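First the structure, in the form of structure tokens, and then the observations on it.
The values are calculated or read from the model by the stated rules, or taken from the named source; none is laboratory data. Keep in mind that this is a model prediction, so the values were computed, not measured. In this analysis, Cβ positions are derived from the backbone assuming ideal geometry, glycine residues included, and neighbour counts consider all displayed protein chains.
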Amino acid sequence: MRIYVPEGIPLVYLSPGELFFSIRPSAVRTVLGSCIAVLIHSPALRAGAICHALLPRPMTKCAFECSSCSMEERDAMIFVDGSVQLMLRRFEEHGAGPSRLEAKVFGGAAFTDTRGAASIGAKNALAAHSALKRRGVRVVDSDTGGDKARKVLYLTHTGQAIVRTIQRTTTDEGAALVGNYD
């Protein structure tokens, strides 16, 4: 199935460790494995934000939750906690507090045998749900875990997200991800 972006709306590709916020209509694509995407939407502002976080949180106290932390914004976007905090700051700058926002969480796949330990994907998903709950943001949709990568298309102005799984196959040349990339 092809996914079409409405005419005139810019299409942005979000790489790992990046965050995107817009008060203008935008379409954002990303591909997730064990990483997590947190999508936040303000229906009142018709604005949206999305992050592609690699890890749950830094080993030290999270940036933006303490005054003594020296972590830069760019570094904070690698982590779920830092990304959620940055996105919420952007919404607050535009007058939308956490109770007026809706969130969606996608990704967090496990690709290896963790022998009983939680996978990084599971830890990312837990961190996303915890960060949103702690800050009073309601999660309206979530698709996490499993062993398949996901492709996400997010329309920031409507909050609509389309999520497709990507099959992992093995060929003579090795492993490859296959699926509809349109």
ask   = What single numbered condition from (1) touching a Cys at 6+ places or on another chain (Cβ under 6 Å); (2) assigned to a loop (DSSP other than H, G, I, E, B) fails to hold for Asp81?
value = (2)
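Residue by residue, here is whether (1) among the basic types (Lys, Arg); (2) within 10 Å of the chain's Cα centre (by Cα); (3) surrounded by 16 or more Cβ atoms within 10 Å (Cβ to Cβ) holds:
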site: Glu7; (1), (2), (3): no, no, no
site: Tyr13; (1), (2), (3): no, no, no
site: Ser26; (1), (2), (3): no, no, yes
site: His41; (1), (2), (3): no, no, yes
site: Ile50; (1), (2), (3): no, yes, yes
note = In the stretch 67-83, anything touching a helix residue (DSSP H, G or I) at 6+ places or on another chain (Cβ under 6 Å) and either among the β-branched types (Val, Ile, Thr) or modelled with pLDDT of 95 or more (or both) is listed as Val80
query = So how many residues does the stretch 1-42 have that are closer than 14 Å to Thr158 by Cβ and either touching a helix residue (DSSP H, G or I) at 6+ places or on another chain (Cβ under 8 Å) or assigned to a strand (DSSP E or B) (or both)?
reply = 7
